[in-house]
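The values are calculated or read from the model by the stated rules, or taken from the named source; none is laboratory data. None of these values were measured; they are calculated from a predicted model. When we count neighbours, we look across all protein chains shown, and the Cβ atoms used for this are built from the backbone with ideal geometry, even at glycine. The accessibility values were calculated without ligands, DNA or RNA, using every heavy atom of the protein model including side chains. Shrake-Rupley method; radii C 1.70, N 1.55, O 1.52, S 1.80 Å.
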Amino acid sequence: MSEQRPEEAAPNKTAALSYASVYPSYGSAPTLVRVAMILLYVMAGLDLFGGLGVAAAILLKFFVYHAVPVGAGHPPPPDVWVRVVIDSGIAILCCLEGALLLVAATKLVRRSRNAWGLALAAAIVCCVQFQCSIFCVLPLGIGVYTIVVLVQESVRRYLQDSAPGFLVGTP
């Protein structure tokens, strides 16, 4: 009987690298996390842009109302101040939401400690709409998608693993 070594029995074939071969137990979790991270970055940018836009509108209203004389030494009507206070609150909430989404997306990129919990909190906050514009459905869709991705067991295991991030070096 002639014994054949395993190296001689089959020719050496190089397997194509993919997420499935690098992270075999995670399935499509790296791709899902990457898409959720990109969507959180986009929504963070839109929220920060919207918050700064509302703040610019407040300053414009403030300067316009003070530039136009109302009367002989009379202050602007009280409804102007009410609107400025409401718009200021909306601007602050939008900027805080944008900052939270930026931090959560960055933690997802790095797969750092508490990335899953912070991303879930950011997704829930993303579902709340502080200002409604032409993109009224976009935050709700991004928040729901991120929640659906994060509750999958393979994504939880992928984020809880201590491996270095897939876009940035070690956390």
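General observations
- The requirement of being open to solvent by 60 Å² or more (accessible area, probe 1.4 Å), modelled with pLDDT of 85 or more and either in contact with a Gly (Cβ under 8 Å, 6 or more places away or on another chain) or of a type in the set (A, V, I, L, M, F, W, C) (or both) is satisfied by LEU93.
- Filtered residues of region 105-130 (kept if assigned to a loop (DSSP other than H, G, I, E, B), more than 17 Å from GLU153 (Cβ to Cβ) and open to solvent by less than 60 Å² (accessible area, probe 1.4 Å)): SER112
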